[in-house]
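Enquirer: I have a structure here, written as structure tokens, and I will follow up with some questions on it.
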Amino acid sequence: MSVMTGIVLPGGRAVRHVEVPVPEPGHGQVLLAVRASSICGSDIRAIYREHLGTGAEAYRGVIAGHEPAGEVVAVGPGCRRLGVGDRVAVYHIAGCGRCGECAAGYMIGCESPARAAYGWQRDGGHAEYLLAEEVTCLPLPPSLSFVDGALVTCGFGTADEGLRRLRVSGRDRLLVTGLGPVGLAAAMLGRALGAAPVIGVDVVAARREQALALGLVDHAVEAGPDAAAEIAAEIAALTGGEGCDAAIDCSGAPAARLLALETLRRWGRCCFVGEGGTVSFAVSELLIHKQATLHGSWVTSLPHMAELLARLAAWDLHPERIVTHRYHLDTAAAAYAIADGGAGGKVTLIGS
């Protein structure tokens with residue numbers, strides 16, 4: 001097969017199919033047959049609706065999709081870990097491999113001009129095949145599906161990294177603000193780590209209902225623009241008046257971030273993983289006097305992603321549970337429209 005179909009996102013909520021040559025792997029590269037490639041909220045916000053990134057973060061008109069998993073069908077010279085037939089999930093940033101961030105496995109933080117994100121600055125997974133750097137490919141445990149692997153590459157990895165910063169365990173009452181795909185991931189992983197209760201907050205009824213139906217949260221609290229005091233009071237009642245030990249904001253909304261801080265108990269820990277926006281709060285009241293800790297967390301690292309894949313297999317836990325819509329490449333426009341609506345769970349493109 002010398003030509004393949006891929007998806008590019010020209011902006012303005014358009015989806016365009018293109019035919020391009022099937023790439024050949026060079027040194028240290030592998031060619032994957034893409035089996036699953038999910039749609040991320042950042043794709044919707046910063047590429048599909050309009051192109052928001054600038055400079056090194058700009059979308060360069062490449063094949064979209066930064067959450068891929070697939071099967072190795074060819075290996076280039078210099079590859080030492082992977083062979084034809086291996087199943088892998090792909091860490092979605094390829095860094096320079098030499099800076100301190102790359103050495104620690106956080107290629108997301110690589111500041112070299114060589115840094116390129118799949119689906120943003122280099123061709124991504126919304127195609128029949130993907131040319132990937134071997135170093136970014138992690139073996140997929142046999143018990144995990146390709147869809148499981150695709151969801152780990154960004155959303156579940158992001159949620160897991162935030163929970164790691166918070167050191168969530170069975171001692172914690174956990175609040176998750178924003179029950180989109182990353183919030184659902186945080187709730188699922190938080191419960192697996194022993195947190196109880198897990199309380200979710202979202203403005204969208206369908207998201208709250210899904211989180212409850214999947215058993216990911218113990219309580220799903222309705223959010224609203226003029227109900228901050230009532231929401232905080234409800235969370236206080238659900239935690240015996242003490243507040244939450246740990247909170248993770250997955251929405252990026254100012255009101256949700258503020259709520260996460262306001263409902264922390266003394267010595268509580270909070271992490272922001274939702275992108276964009278701003279927040280303003282009383283530092284003395286909500287951080288200093290509470291002795292609280294506030295973390296920022298951006299995606300995850302290669303070692304932590306590998307550990308997460310192993311833990312999911314050991315726990316028999318499947319990210320695929322939060323997928324509500326599956327499409328093939330030829331219906332990618334419908335997939336993006338559903339993801340843009342924001343009412344369902346994860347939307348995934350399924351390969352052959």
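The values are calculated or read from the model by the stated rules, or taken from the named source; none is laboratory data. Model, not experiment: these values are computed from the prediction. Note: ideal-geometry Cβ built from the backbone for every residue, glycine included; neighbour counts use all protein chains shown.
Enquirer: Could you list, in sequence order, all residues of region 81-107 that are of a type outside the set (A, V, I, L, M), touching a residue at least 24 places away in the same chain (Cβ under 8 Å) and over 17 Å from GLY125 (Cβ atoms)? Explain how you work it out, then say what you get.
Expert: If we filter region 81-107 for residues that are of a type outside the set (A, V, I, L, M), which is where we start, we get 81, 83, 85-87, 91-92, 95-102, 105-106.
Narrowing further to those that are touching a residue at least 24 places away in the same chain (Cβ under 8 Å): 81, 86-87, 91-92, 97, 105-106.
Selection gives ARG81, GLY97, GLY105, TYR106.
Enquirer: Step by step: first the residues of region 51-60, then only those that are out of contact with any His (no Cβ under 9 Å at 6 or more places or on another chain) and at pLDDT 95 or above, then the one that is nearest to GLY274 (Cα to Cα). Which residue is that?
Expert: The selected residue is HIS51.
Enquirer: Please enumerate the residues belonging to region 109-155 that are farther than 30 Å from ALA314 by Cα and touching a strand residue (DSSP E or B) at 6+ places or on another chain (Cβ under 6 Å). Steps first, answer last, please.
Expert: The initial filter retains those residues of region 109-155 that are farther than 30 Å from ALA314 by Cα, namely 110-116, 119-123, 127-128.
Matches in region 109-155: ALA116, ARG122, ALA127, GLU128.
Enquirer: May I ask you to say which residue of THR300, THR263 is among the hydroxyl-bearing types (Ser, Thr, Tyr) and over 20 Å from the mean Cα position of the chain (by Cα)?
Expert: Just one listed residue meets the conditions, THR263.
Enquirer: Go through (1) farther than 14 Å from VAL299 by Cβ; (2) out of contact with any strand residue (DSSP E or B) (no Cβ under 6 Å at 6 or more places or on another chain); (3) small (Gly, Ala, Ser) one by one and return the number of the condition ALA64 breaks.
Expert: It fails just one condition, (2).
Enquirer: Does VAL15 satisfy being more than 14 Å from GLY65 (Cα to Cα), surrounded by 15 or more Cβ atoms within 10 Å (Cβ to Cβ) and either of a type outside the set (A, V, I, L, M, F, W, C) or modelled with pLDDT of 95 or more (or both)?
Expert: Against the criterion (more than 14 Å from GLY65 (Cα to Cα), surrounded by 15 or more Cβ atoms within 10 Å (Cβ to Cβ) and either of a type outside the set (A, V, I, L, M, F, W, C) or modelled with pLDDT of 95 or more (or both)), VAL15 does not qualify.
Enquirer: Quick one: how many residues across region 333-344 are surrounded by 20 or more Cβ atoms within 10 Å (Cβ to Cβ) and either free of Cβ contacts under 8 Å to residues at least 40 places away in the same chain or under 16 Å from the mean Cα position of the chain (by Cα) (or both)?
Expert: The total comes to 1.
Enquirer: Within region 310-341, can you find the residues that are of a type in the set (A, V, I, L, M, F, W, C), in contact with a helix residue (DSSP H, G or I) (Cβ under 8 Å, 6 or more places away or on another chain) and farther than 13 Å from VAL147 by Cβ?
Expert: TRP315, LEU317, ALA339
Enquirer: Something else: Looking at region 298-332 only, could you name the residues that are at positive phi and either in contact with a strand residue (DSSP E or B) (Cβ under 6 Å, 6 or more places away or on another chain) or crowded, with 20+ Cβ neighbours inside 10 Å (or both)?
Expert: If the condition is that a residue be at positive phi and either in contact with a strand residue (DSSP E or B) (Cβ under 6 Å, 6 or more places away or on another chain) or crowded, with 20+ Cβ neighbours inside 10 Å (or both), then VAL299 is the only one that fits.
Enquirer: Here's another thing I want to ask about it. Return the only residue of LEU140, LEU131, LEU174 being surrounded by fewer than 23 Cβ atoms within 10 Å (Cβ to Cβ) and of a type in the set (A, V, I, L, M, F, W, C).
Expert: Only one candidate qualifies: LEU131.
Enquirer: Can you run down the residue pairs with Cβ atoms below 6 Å, 6 or more apart or on separate chains, where the first is in region 227-254 and more than 17 Å from GLY183 (Cβ to Cβ) and the partner is of a type in the set (Asp, Glu) and surrounded by 18 or more Cβ atoms within 10 Å (Cβ to Cβ)?
Expert: Between residues of region 227-254 that are more than 17 Å from GLY183 (Cβ to Cβ) and residues that are of a type in the set (Asp, Glu) and surrounded by 18 or more Cβ atoms within 10 Å (Cβ to Cβ), the close pairs are ALA232/GLU262; ASP245/ASP172.
Enquirer: Taking into account only those residues within region 206-251 that are of a type in the set (A, V, I, L, M, F, W, C), exposed (fewer than 14 other Cβ atoms within 10 Å of the Cβ) and at pLDDT 95 or above, which is farthest from LEU294 (Cα to Cα)?
Expert: ALA213
Enquirer: Could I ask something else about it? Only one residue in THR293, THR263, THR278 is buried (at least 21 other Cβ atoms within 10 Å of the Cβ) and more than 16 Å from GLY180 (Cβ to Cβ), so which one is that?
Expert: Of the residues listed, the single one that is buried (at least 21 other Cβ atoms within 10 Å of the Cβ) and more than 16 Å from GLY180 (Cβ to Cβ) is THR263.
Enquirer: Within region 196-242, can you find the residues that are in a helix (DSSP H, G or I), among the small types (Gly, Ala, Ser), in contact with a helix residue (DSSP H, G or I) (Cβ under 8 Å, 6 or more places away or on another chain) and farther than 21 Å from GLY170 by Cβ?
Expert: Once the filter is applied, which keeps residues that are in a helix (DSSP H, G or I), among the small types (Gly, Ala, Ser), in contact with a helix residue (DSSP H, G or I) (Cβ under 8 Å, 6 or more places away or on another chain) and farther than 21 Å from GLY170 by Cβ, region 196-242 yields ALA228, ALA232.
Enquirer: Across region 282-323, what is the total count of residues that are assigned to a helix (DSSP H, G or I) and either acidic (Asp, Glu) or modelled with pLDDT under 95 (or both)?
Expert: Result for region 282-323: 3.
Enquirer: Can you find a residue in region 147-166 that is in the same structural domain as VAL323 (by TED's automatic domain parsing), modelled with pLDDT of 95 or more, surrounded by fewer than 20 Cβ atoms within 10 Å (Cβ to Cβ) and under 19 Å from the mean Cα position of the chain (by Cα)?
Expert: Checked against the condition, which is being in the same structural domain as VAL323 (by TED's automatic domain parsing), modelled with pLDDT of 95 or more, surrounded by fewer than 20 Cβ atoms within 10 Å (Cβ to Cβ) and under 19 Å from the mean Cα position of the chain (by Cα), region 147-166 yields no hits at all.
Enquirer: Can you tell me which of (1) farther than 22 Å from SER297 by Cα; (2) among the polar types (S, T, N, Q); (3) under 23 Å from the mean Cα position of the chain (by Cα) is the one THR239 doesn't meet?
Expert: Among (1) farther than 22 Å from SER297 by Cα; (2) among the polar types (S, T, N, Q); (3) under 23 Å from the mean Cα position of the chain (by Cα), THR239 violates only (3).
Residues are listed down the side, and each one gets a yes or a no for (1) polar (S, T, N, Q); (2) modelled with pLDDT under 95; (3) exposed (fewer than 14 other Cβ atoms within 10 Å of the Cβ); (4) under 22 Å from VAL182 (Cα atoms):
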position	(1), (2), (3), (4)
PRO10	no, no, yes, no
GLU19	no, no, yes, no
PRO23	no, no, no, no
GLY28	no, no, no, no
LEU31	no, no, no, no
ALA36	no, no, no, yes
ARG49	no, no, no, yes
ALA69	no, no, no, yes
